[in-house]
Amino acid sequence: MKSSLWWIALAAGYGLGAIPFGFLLGKAKGVDVRRQGSGNIGATNVWRVLGRPWGIATFLLDFLKAPLAILLAEGWARSRGADAEAVTWCGIAAFAGAILGHNFPVWLRFRGGKGVASSAGGLLALMPTAFLAIVGVWVVVFFLSRIVSLASLAGALTLPFAAWFLVEPHAGLRGLACLLAVMIVVRHRANIGRLLAGTEHRWSKKTVPETGGQP
């Protein structure tokens, strides 16, 4: 029964995570954000193409995907009589599913966002101390560099260590932290190339970076 619960939680998380809010908000304005700016459906590109309110709305909606998936999966598992450990694993599965759905939405031919905002929301729900550590790293790196992608990568690389040292020992949580870090780094591979070449865009008060670090 436990394994079936996990698979159902994973699938449900994927379905919720795969809702392409940035794309849908763009369509509501008559714009396909995939064809403008960086082509990403995340909050930064939506901000650049549609404006600040739409970018913030996209970030918040993407941020809430994983927490909502976790909450629903854990509540459903409890209603099925699952013990505390099984409930935790259902939350982990739903979190993983939400990130997979966000990054690889079936509705957009598996071309989604980079998973930063959705990962942050799930971390707040399942690993709040790790979340605070990651936010701290992100803020410091961003204000020193003014590069969103560099801050996101720094946060991702910090995540496995934060999960190991700041979170109650749990194989599933630690494994998930490593998986999230790898996925975020891989999704930023183009940004890494620009960072190494010294051509990555910096954030300014007047402009939004054209290619860096979309959530």
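The values are calculated or read from the model by the stated rules, or taken from the named source; none is laboratory data. Small disclaimer: the values here were computed from a predicted structure and weren't measured. With ideal geometry, Cβ positions are generated from the backbone for all residues, glycine too; neighbour counts draw on all protein chains shown.
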Next on the checklist: With the requirement that a residue be in contact with a Gly (Cβ under 7 Å, 6 or more places away or on another chain), outside any helix (DSSP H, G or I) and not basic (Lys, Arg), what does region 83-133 give you?
Outcome noted: Phe104, Pro105, Gly113
Checklist outcome for this item: So, first residue over 21 Å from Ser119 (Cβ atoms) and crowded, with 19+ Cβ neighbours inside 10 Å in region 64-86, second residue of a type in the set (Val, Ile, Thr) and at pLDDT below 95, Cβ within less than 8 Å, six or more apart or across chains; the pairs are Ala77/Val87
Checklist entry - List, please: which pairs have Cβ atoms under 9 Å, are six or more places apart or on different chains, and start with a residue in region 121-136 that is on the phi < 0 side of the Ramachandran plot and end with one that is surrounded by 14 or more Cβ atoms within 10 Å (Cβ to Cβ) and of a type in the set (Ser, Thr, Tyr)? => result Leu126/Thr88; Ala130/Thr158; Ala133/Thr158; Ile134/Ser119; Ile134/Thr158; Gly136/Thr158
Checklist entry - Only one of (1) buried (at least 16 other Cβ atoms within 10 Å of the Cβ); (2) farther than 12 Å from Met127 by Cβ fails for Thr199. Which number is that? => result (1)
Item to check | Phe95, sole failed condition from (1) crowded, with 19+ Cβ neighbours inside 10 Å; (2) aromatic (Phe, Trp, Tyr); (3) touching a Phe, Trp or Tyr at 6+ places or on another chain (Cβ under 7 Å) | outcome: (3)
Item to check | Residue in region 141-152 that is without any contact (Cβ under 8 Å) to a residue 24 or more places away in the chain and aromatic (Phe, Trp, Tyr) present | outcome: yes
Checklist entry - Failed condition for Leu123, given (1) surrounded by 22 or more Cβ atoms within 10 Å (Cβ to Cβ); (2) modelled with pLDDT of 90 or more; (3) hydrophobic (A, V, I, L, M, F, W, C); (4) over 21 Å from Cys90 (Cβ atoms), with all others met? => result (4)
